[in-house]
Structures are given as C-alpha cells and as structure tokens.
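Please read the structure below before turning to the comments.
The values are calculated or read from the model by the stated rules, or taken from the named source; none is laboratory data. Everything quoted here is computed from the prediction, not taken from an experiment. Please note: Cβ atoms are built from the backbone with ideal geometry, for glycine as well, and neighbour counts cover all protein chains shown. Calculation scope for accessible area: heavy atoms of the full protein, side chains included, ligands and nucleic acids excluded. Shrake-Rupley method; radii C 1.70, N 1.55, O 1.52, S 1.80 Å.
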Amino acid sequence: MPIGVSEDHVELHDAARRWIEGKCPPSVPRALLDADSETRPTFWESLAELHWMGLAVDEEHGGVGLGIAELVVIVEELGRVAAPGPFLPCVVGAALLERGGNATAAKTFLPGIAAGELVATVAFGAGLVAEEAAEGLRVTGEATPVLSGHLADIVLAPVTVDGSTRWCVLADDQFVAEELPSLDLTRRVARVTVDTAGTLVGDDRTLPALDDRAVADTAAVLFAAEAVGVAQSCVDTASAYATEREQFGRPIGQFQGVKHRCADMLARLELARAATWDAARTADEGVPEAGSDDPGSVGDTVGFTAAVAAALSLDAAVENAKDLIQVLGGIGFTWEHDAHLYLRRATTLRALVGPGDRWRVRAARLAADGVKRRLDADLPPEAETYRSEVREFLATVDGQDSDDARSRMAESGYLTPSWPKPWGRDADAVEQLVIDEEFRRARLRRPVITIAGWALPTIIVYGTPEQQERWIMPTLRGELEWCQLFSEPGAGSDLAGLTTRAERDGDVYRVNGQKVWTSLAQHAQWGIALFRTDPDAPKHEGISCFMVDMSLPGIDIRPIRELTGQPMFNEVFFDDVEVPADCLVGDEGDGWRAARTALANERVFMGSGRTVGRGVRGILKILERTGRADDPGALDTAGRLVAESHALACLGFRLTLSALTGADPSGSEAAVRKLLSVHHDQDVQEVGLAFLGAEGAVMDGEAAAWGRQFLFNRQLTIAGGTSEVQRNIIGERILGLPKD
C-alpha cells in the first residue's frame, strides 16, 4: 500500500508513478554520477507544469491549496527512483514560507515556487550571523551543507542575533552558492556564503513564526517521506533479485536467510510508512506554535508525530539500502548497479535532518510530557443510525449482572458483531467501530471468548446446523470453555506433520496419540482437534477436524509448568478415546481447510488489537522515578519503543480505514503488524525490567509485575505461528519469493 490510503491519494500516487516512469527512468539519475556539476534536471519544466511544487501552497499564492498529506505522496514516489533535482528542498521551503508568519515574503516568493520558476532550499545548520540595523538585519557568514543550494534562487536560513536564532529569506542576489563534493552524487549539497560586508535583510523577509523546532519538524516529515520511497525501492529490488538469482541450483530467495532479510526490510518499510503518513496528516491538522511549551498544544502533537516519522523512516532507508547490497552480493558492490545510489541518498537524508537517536530522544521526552495522538476515523452518516441502535441496547443491560448482560450480548449479536447472524450482526467495519466506541463510552467490557474465537468460526463455516446449535450459542453465553488440540511433539509449525490417529469404528472414531502446548485444556469442556484419519494420503489431505468432549474416558491432561512457574499449557494424551462421529466437522480428510480457518483467526488475534501504550508509559514512569528522565541513552531506548508503539497503532488504523472502504485488510501491513507487535511487546517488558536495575532481581511489588510479564511474553513469538514462520509467510505471500 502506498503512503496515501484515501481514494484521492491513491489516484495521485498512480498519476505520479506514470509520470515518473516516463520522465525519470534509471538513466536520468545515473547521468549525474560522473558529471562535473549538477544542473536542474531535464524534467524540471514538465514537473512544474504538474503544479506539484505548489500542492501544499495556498491558492491565494498560486498553489493548489492541498496539504502535506498530498505532498508526501509525490515525495515518496520521487524517492523511489532517487530522482535528481531540488524538488524536496523546494517544497520544504514552500511549506515553511507558508507558515513563516510574513505575508509579504509569502506573496513575494510562493507564486514563483508554485509555478516552478523559483527554486527554494533550506539551510539547517548554523553559520550565518546578523546584527540589528535600522532597516532590518545585516547578515554575513556561511552555511554548509545546503541541499541543492547551488540550484536555488532563495534560501531560508537561520541567523544568530545576540545569541538567539531568527529565520529569514535570502534572495539570489544576497548569497553565493558553491557546489561541494557530495556523498549523494544525484542530488548534491552546497556552501552558501554571504559577503563579509554583509547583506541587508529587511523585515519583509524575516519569518517570525518559525523557530528551529518548527523547521525541523516540517523537514522531518518530508524527508521521511522520501526515505520511505527509498526503502520501498530497496525492498522491490531485493525481492526481485532474490526471486531470479540462482545459487546452488535454486533461487536465493528460497534460502531462509535471504527470505527473512527481505521480510525484515518490508517490516521496516511499513512501520516507517505508517508513521510518516500520520505525521503528514498531523502537520495539516495544526501548525506548530513557535516556542510553545504546552504539552497539550497542537504544536507538540505535530512535533511528536514528526519525531516518530524521522526516527523510523531515516534509519529504515539506510538499513534497507545496506540490506539490498547484501542480498545482491557482489553485483551490489559495483558502480554499475543502482544500489549505491539509494545508500548515498538515504545516508544523506539522515545526515541533513539528524540521526535517529536525536528524534527518538525527542519522541520520548514529548511522550513523557503527556503528548498524545488520537487516531479517529471520519465515519459516514449511517454511523449515527448504528450509534442509536447500540445505545438503545446498552440501556437494556445497564445495571444487569455480568452473566445476564453476557447472555443479552450473545443473543443480540453484540458479543461477536462481525460474525454472521444469528451469532453476530454481520456488522461491517463502520458498525464495528461504532460498537467499540459506544461500549467504551458505557464502560462495558465485552467478554473475551479466547480460544473459542478460533474454534467457533470453523463450526460456522463447516459445521452442520445441529453442530452450530450445539456449540456456538452456549459458548457465547459463557457455558462452555474451549481449548485447541493442534500441536504435537513432532508437529508444531509444521502442523501438517501431525500423527495422532483417529480410526472410524462404527459410530465413533478411536483416537490415539498425543497433543502438546494445549492452552487451558485443564479448564476446557471442549476442544477443537486435528487428527489423522488417512495415514496413506498426502499429509495435508489425510487430516480431519473434530470437536472433542474433554471429559471423555481415555483423555489424560497433564499440565506443563511454564518458565513463569504457572501451568497454562498442557500435554493431552489420547488412549483409545471414542469420539462420536457426529463430532466430525466437515468432510473426513478435509480438516486442513478447517485448520486454516482456525489458524487465520488465531493469527489475527495474536497480532492485532493489542494495546502497547500502557507498557511504554510504564517505562517512562520508571525513568522519572529512578532519576533518569534526562539520561540520553535511556531516552534513546525508550524513544525507540515510543516510536514503534505509535507506528504500530498507525498501521492498525490504516487497516481500519482500508476496511471502511470495503478493502480486505490482509495485505502487507496486516502481516507486518502481526510480526512486529509481538516483538515490540517482548521488548517493552525487557526494557522495563532492565530499567529497574537491581530492583528487577526481586519478584516483589512493581518489579514482580515486570518480571512475570517478561517471562510470560517469551511465548508471543512462538504461539500462533513463530516469527520465523511469519517471515516466511511475508516473504512468500507478500514479496512473491519462491517457496522452499
């Protein structure tokens, strides 16, 4: 999915890709590799005709009047091809002029920028100084490096005046720009020098509403968008090469090391893309207020999302470029391959707006100050009809005891609203969102049906009417608890290798064998089970699905103490157990399809809907309590988790928005979120325990909670499909890498 998810943004993305494929093929950036100097690219005039430089410029200044959310769509695509030219610094400069607080400067320069007649850039580093003069500021000095400064007509620059910083606009008759030897040969940097006698910058060219923070935040979002494009190109190139390149008689994409590297590249990309998308939306919702220290201000929210975007995207581009070269092997180390163009571009982006630790520390500080970002969807008019219905239902259960309330929820479909009627409400995404909102507002929690949430969908799809009546509604009412009897000592991730036998004997199946890692079997009345009914059939075809009464004679349940010291998992032994034939769900030998239904629901449960914010906030509280709230190293670590937590929420929100449009939320973002969320949860507990120091060695008080969760969370990357299996799925189903 590209950075924009709305229909308009997808159309803009498609138009940008078509134009770029025609105007900026790989030969265009490569032409600059051995060039003595850089000039404006040949496509600049054509680019100007598209009015993309003015996308985020107000119409009164000759622009299109859209916003940063639209602009990042173009920036991402230009980054994907490492397009040369000053588009990125130009649109950053335009955005800052819009927000600079000087109507005269905006009126003077923005129309020319929007029309492609003027090129703007921004000098991020200090170096220019000024003295107060009657007519304004007398500026002198030099700034370096300035991206595309040698191609610019105007430079937005910070100047130091009596120890404070002010931002102003320098026109081309006020500075000299010298192209510098540049790491990025396809878009170079320059030294901008103002004559030693000084140049006068009048009040009509100062930008009082800008400070260093506001400038950095605006640049961070747009630089992050280009970094996302770079990271995307690296994923595309690596996966294509791994599919085609053969070593040892097979494509290298079959080797797990290569496949997992490509999957991790995609994971970095999607996390960065989601964060950058939200930062662009936030930038359009409110403009940072210069100098504002109010944690609840719009400006701080803009700063928080910008910091998260920069923290994730810039590093993602660099790491993906390095991984691309590794996947390519020797060819990736050659001048002839484009891989080094992306490494140079990514590294330069990060160098100009600051390393990841700078942004991670800022994100942690803002989160510690209480800055929050709400993710709310704009719902269509029919949402209010749903809302009225939900509130009417909630009024009927107000004051009821928990058992009666649960029965009412089950019978009305509100317990599992997405399920088909009569067990659910056939609720679409809009209705589901409204139901969640209203139940939260009423502070009424819907019971979690845990393992039944994986077993019952199988009965809904494959069960007979009698089976559905027998098991579904009693479970929803809370009368039955379930366990899942899939894994065996020799069949975990390779589930199709199971060997527990079920042999037909009249009206029963005689079952012999062993299951393991069965959660809550010691408490369950029923279990969904896979048994082998045809040992001679191919292993996926000889399996059948059963519902098993856990009280049947011959079933021996032996709890397994986990590393937490508590028993949740179990071994379950079957010794000539007679399972009635009417407990077979679906056709004999068709159990694999039933298993896929259950596993699909399990993986969604394991990787979605999990709140990680509480744990991250707990870490920040530990830093405050232990006097490390200003420790840069600790803030860097905490900031990484803050950034991941926010980006994972954004990933989930993008899936929600896709579902609202009727799309199937099962693409790369869903797969990546499943993989990353469990690792994030593990990291949160490990970091929290580590930050407690010696206190973490004592299982008492606050430390005990962190210690127990740290131990328990080790199962997250195993249950529901190991992380290694998830990477295989991402590599094969999303990136199209060959199966092993």
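Values computed for the structure shown
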item: Count of residues meeting criterion [under 18 Å from F124 (Cα atoms) and surrounded by fewer than 20 Cβ atoms within 10 Å (Cβ to Cβ)] in the range 196-210; result: 2
item: The range 362-380, subset outside any helix (DSSP H, G or I) and open to solvent by less than 30 Å² (accessible area, probe 1.4 Å), residue farthest from R654 (Cα to Cα); result: V371
item: Filter result for A309 (buried (at least 21 other Cβ atoms within 10 Å of the Cβ) and part of a helix (DSSP H, G or I)); result: yes
item: All positions within the range 1-34 that are of a type in the set (G, A, S), closer than 28 Å to L651 by Cα and at pLDDT 90 or above; result: A15, A16
item: Members of the range 470-508 that are in contact (Cβ under 8 Å) with a residue 24 or more places away in the chain, assigned to a helix (DSSP H, G or I) and more than 23 Å from G542 (Cβ to Cβ); result: W471, I472, M473, T475, L476
item: Tally, over the range 645-660, of residues that are of a type in the set (S, T, Y) and modelled with pLDDT of 85 or more; result: 1
item: Search result, residues across the range 167-195 that are open to solvent by 60 Å² or more (accessible area, probe 1.4 Å), without any contact (Cβ under 8 Å) to a residue 40 or more places away in the chain and assigned to a strand (DSSP E or B); result: V176, E178
item: Checking E132 against (1) open to solvent by 60 Å² or more (accessible area, probe 1.4 Å); (2) within 20 Å of F223 (Cα to Cα); (3) assigned to a strand (DSSP E or B), the condition it does not meet; result: (2)
item: Only one of R532, R558 that is among the basic types (K, R), in contact (Cβ under 8 Å) with a residue 12 or more places away in the chain and surrounded by fewer than 17 Cβ atoms within 10 Å (Cβ to Cβ); result: R558
item: Qualifying residues in the range 26-64 (those that are open to solvent by 90 Å² or more (accessible area, probe 1.4 Å), in a loop (DSSP other than H, G, I, E, B) and of a type in the set (D, E)) - the one farthest from G93 (Cα to Cα); result: D34
item: Every residue from the range 332-342 that is touching a residue at least 24 places away in the same chain (Cβ under 8 Å), open to solvent by 10 Å² or more (accessible area, probe 1.4 Å) and under 22 Å from H260 (Cβ atoms); result: Y342
item: Output for the range 536-548, where each listed residue is free of Cβ contacts under 8 Å to residues at least 60 places away in the same chain and either closer than 26 Å to I472 by Cβ or open to solvent by 70 Å² or more (accessible area, probe 1.4 Å) (or both); result: D536, P538, K539, H540, E541, I543, S544, F546
item: Residues that are touching a residue at least 60 places away in the same chain (Cβ under 8 Å), in a strand (DSSP E or B) and open to solvent by 10 Å² or more (accessible area, probe 1.4 Å), drawn from the range 140-166; result: P145
item: Residue tally, condition more than 27 Å from Y509 (Cα to Cα) and either modelled with pLDDT of 50 or more or part of a helix (DSSP H, G or I) (or both), over the range 602-618; result: 11
item: Which numbered condition A126 misses (of (1) at pLDDT below 95; (2) assigned to a strand (DSSP E or B)); result: (2)
item: Residue within the range 626-641 that is modelled with pLDDT under 95 and open to solvent by less than 10 Å² (accessible area, probe 1.4 Å) present; result: no
item: Some residue of the range 65-74 being open to solvent by 10 Å² or more (accessible area, probe 1.4 Å), assigned to a loop (DSSP other than H, G, I, E, B) and either out of contact with any strand residue (DSSP E or B) (no Cβ under 8 Å at 6 or more places or on another chain) or of a type in the set (D, E) (or both); result: yes
item: Exclusive hit being of a type in the set (A, V, I, L, M, F, W, C) and within 22 Å of the chain's Cα centre (by Cα), set F333, F304; result: F304
item: Among the residues listed as R510, R532, R477, the single one being of a type outside the set (G, A, S) and touching a Leu at 6+ places or on another chain (Cβ under 7 Å); result: R532
item: Scan of the range 88-109 for residues that are open to solvent by 10 Å² or more (accessible area, probe 1.4 Å), in a helix (DSSP H, G or I) and either touching a Ser or Thr at 6+ places or on another chain (Cβ under 8 Å) or not basic (K, R) (or both), ordered by number; result: E98, A103, T104, T108, F109
item: Qualifying residue in the range 576-598 (condition: in a helix (DSSP H, G or I), polar (S, T, N, Q) and at pLDDT below 95); result: yes
item: Filter result for S6 (surrounded by fewer than 17 Cβ atoms within 10 Å (Cβ to Cβ) and touching a strand residue (DSSP E or B) at 6+ places or on another chain (Cβ under 7 Å)); result: no
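Okay, residues lined up against (1) part of a loop (DSSP other than H, G, I, E, B); (2) buried (at least 18 other Cβ atoms within 10 Å of the Cβ); (3) among the small types (G, A, S):
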site: T348; (1), (2), (3): no, yes, no
site: R360; (1), (2), (3): no, yes, no
site: A395; (1), (2), (3): no, no, yes
site: A405; (1), (2), (3): no, yes, yes
